[in-house]
1. With +1 on each Lys and Arg Cβ and -1 on each Asp and Glu Cβ, and nothing else charged, work out how big the dipole of the chain is about its Cα centre, in Debye to the nearest 20.
2. With point charges of +1 on the Cβ of Lys and Arg and -1 on the Cβ of Asp and Glu, referenced to the Cα centre of the chain, which listed residue (Gly185, Ala145, Gly94) lies farthest in the positive direction of the dipole?
3. Which value, in debye to the nearest 20, describes the size of the charge dipole of the stretch 1-91 about its Cα centre when Lys and Arg Cβ atoms bear +1, Asp and Glu Cβ atoms bear -1, and nothing else is charged?
4. Report the extension gain between Arg117 and Gln302 in nm, rounded to one decimal, defined as 0.36 nm multiplied by the number of residues separating them, less their alpha carbon distance.
5. Per the helix-only calculation at 222 nm, which mean residue ellipticity applies to the chain, given -39500 (n - 2.57) for every DSSP H run of n ≥ 4 and division by its residues, nearest 500 deg cm²/dmol?
6. Which order do you get for Arg300, Arg33, Arg227 if you rank them by accessible area with a 1.4 Å probe, largest at the top?
7. Can you give me the % of accessible surface on the chain that is carbon or sulfur? Probe 1.4 Å, all protein chains present, nothing else counted.
8. Tell me which lysines have Cα within less than 27 Å of Lys29's Cα, excluding those fewer than 8 residues away on the same chain?
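The values are calculated or read from the model by the stated rules, or taken from the named source; none is laboratory data. Keep in mind that this is a model prediction, so the values were computed, not measured. For neighbour counting, all protein chains shown are included, and Cβ atoms are generated from backbone atoms with ideal geometry for every residue, glycine included. SASA here: full protein model, heavy atoms, side chains in, ligands and nucleic acids out. Shrake-Rupley method; radii C 1.70, N 1.55, O 1.52, S 1.80 Å.
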Amino acid sequence: MGVDLSVSLGGARLANPVVTASGCFGSGKEMSRFVDLHSLGAIVCKTVTPEPRLGISPPRGAETASGMLNAIGLQNPGVQAFRDNDLAWLAEQGVPAIASVGGHSVADYVQCIEALRGAPGLIAIEMNLSCPNLEDRGFMFALSAERTAEVTAAARAASDVPVFCKLSPDVTDLVAIAEAAVGAGADGLSLINTTLGMAIDPRTFRAKLSTGTGGLSGPAIKPIAVRCVWQVHRALGHIPIIGMGGIATVDDAIEMILAGATAVAIGTANFYEPAASEQIARGLADFCESRGITSLDEIRGQVKEEG
Ligand SMILES: Cc1cc2nc3c(=O)[nH]c(=O)nc-3n(C[C@H](O)[C@H](O)[C@H](O)COP(=O)(O)O)c2cc1C
């Protein structure tokens, strides 16, 4: 029996729904020692900004129960170097790429997207809206429906590929932010970015991250991610969602698809099992085969909420 795992992300066609989460897989080159990149639907690259950034000073990461905290500060080589080196390398390998863009103003996002126009192998843009907006007192774009709509509309006008907005779970009404993004032209949504957390060393009395707070990821946040995907899918069922947050196994990926995700991204799991994404991609096919599922359309959003 043939299993068709291909999915459509706002017009971009992927051979299977497993992608990498931004910031957790570089741009694929280093990870290609451990993973057959062709086994994945696409590589979602580390967020890039108009200019190179060194990121923040260490410590930038801390292990927590079933997860990790990080505060990297968007270290990246800048959009042009990314296009010339990382994207070009992925294109040479024939691996589809989704570029993640960030910035501190609407103009920063537009500048990145314009610099990426026409790049070979680029199938979509993911807007990392968890960046501090210096035009709005440093609040993340994703905290405000208005700011989300503003930056999404500008990005949509500038882009020649589908635009996905990556949202934060740290809001009171995620559906309102998702609706603002879609209303402004987003072709899809990526849910979720990390949730803000903090850890303190009881021996030194020091915060474990140099910034004090940071983003919590890994299995600890999976129920939050599943809830977010489910809520947004229920409200905006026609919009493709890349679901992520704590996915480490095939069962986790299925759970996210049952909540309504079209594709799934693997993040923190790469740090302790570099082959996790490939294993999950291959395991999904086996899961479907053993259950007689011929297409993921049959199970997407099919969670039974009663009984
Ligand atoms: C070390 C680290 C760096 C990250 N960097 C980025 C980034 O540059 N851009 C972004 O949109 N998300 C970034 N994320 C968030 C992940 O892409 C993902 O949304 C989040 O970690 C939840 O998925 P996970 O639990 O599978 O890791 C980063 C996460 C980690 C752990």
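1. Dipole of the chain, to the nearest 20 debye: 580 debye.
2. Farthest towards the positive end: Ala145.
3. It works out to roughly 120 debye.
4. Details: separation 185, 0.36 × 185 = 66.60 nm, distance 3.67 nm.
Here the answer is 62.9 nm.
5. Estimated from H runs of four or more residues: -8500 deg cm²/dmol.
6. Largest accessible area first, the list is Arg33, Arg227, Arg300.
7. 52
8. Output for Lys29: Lys46, Lys166.
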